[in-house]
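Scroll down for the structure; my scribbles are underneath it.
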Amino acid sequence: MASLLQRFRGAALGLVVTLGLSACTAPNPVAVDYDPSFKFANLRSYYLLDTLANGPVSPFESKRANQAVNEVLKASYQPAASPEEADFLVRVQLFSSDKVAVYEDPFSIYGGYRYFGFGWRAPLRVREYRESSLIVDVLSPDDAPLWRGSMPSVAGRYDAPEQQLFRLREEASMILAKFPPYNDVGYD
């Protein structure tokens, strides 16, 4: 009987640890889409195009995003001097929009009976924030789309340029970790 109880405790402890660890893992926020007919194994050199920005994005943020993606790509591919010499083109896009969240205080008090009663209600709370996305597009030399990776960006939350660049490097690494998609088995 005692050994059965010990087995049950061990199984229960294992279940609790497994559930706890699975609750701690965050989902991967990177979204990827690509052309499955293209052979990515043949890509060796890239050319980085100008960054596209939309919304309240400063030119410095665009420059940092381009720099971060370039640093990550240099680890695996050779930069080309011109678009004509490159095997693929890379365009970095940074989209940003200002949002407003309005919510009520959950601790408001109400009570009473029918039309009579008492109550108190806190005013609505309004919070303004900025929502951004970092997008990396891989294009063929003739501008045909081959691969796209994107994720929400939190780099704009930091005030210091060094912190923004560090976070953009992390985000670019997460996105480009999914490139190439390895849908092919060999060289053309």
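The values are calculated or read from the model by the stated rules, or taken from the named source; none is laboratory data. Just so it is clear, the model here is predicted, and its values are computed rather than measured. Cβ: placed from backbone, ideal geometry, glycine included. Neighbour counts: every protein chain shown. Surface areas here come from the heavy atoms of the whole protein model, side chains and all, with no ligands, DNA or RNA. Shrake-Rupley method; radii C 1.70, N 1.55, O 1.52, S 1.80 Å.
Being over 16 Å from LEU176 (Cβ atoms), buried (at least 16 other Cβ atoms within 10 Å of the Cβ) and of a type in the set (S, T, N, Q) is the filter here; which residues of the range 75-96 pass it? Selection gives SER96 alone. Looking across the range 123-151 at every residue that is under 14 Å from the mean Cα position of the chain (by Cα) and not charged (D, E, K, R), the one that is modelled with the lowest pLDDT is identified as SER132. Of all the residues in the range 40-53, those that are modelled with pLDDT under 90 and crowded, with 17+ Cβ neighbours inside 10 Å number 3.
Among the residues that make up the range 152-166, is at least one of them more than 19 Å from the chain's Cα centre (by Cα), more than 16 Å from LEU52 (Cβ to Cβ) and polar (S, T, N, Q)? No, the range 152-166 contains no residue that is more than 19 Å from the chain's Cα centre (by Cα), more than 16 Å from LEU52 (Cβ to Cβ) and polar (S, T, N, Q). Selection over the range 163-184 of residues that are acidic (Asp, Glu) and free of Cβ contacts under 8 Å to residues at least 60 places away in the same chain gives a count of 1. Looking at the range 53-66 only, could you name the residues that are within 17 Å of the chain's Cα centre (by Cα) and either over 16 Å from VAL154 (Cα atoms) or of a type in the set (Ser, Thr, Tyr) (or both)? Answer for the range 53-66, where residues must be within 17 Å of the chain's Cα centre (by Cα) and either over 16 Å from VAL154 (Cα atoms) or of a type in the set (Ser, Thr, Tyr) (or both): just SER62. Every test in (1) open to solvent by 60 Å² or more (accessible area, probe 1.4 Å); (2) in a loop (DSSP other than H, G, I, E, B); (3) in contact (Cβ under 8 Å) with a residue 12 or more places away in the chain is passed by SER37 save one, and that test is (3).
Restricting attention to the range 69-89, does a residue exist that is among the basic types (Lys, Arg), touching a strand residue (DSSP E or B) at 6+ places or on another chain (Cβ under 7 Å) and modelled with pLDDT of 90 or more?
no
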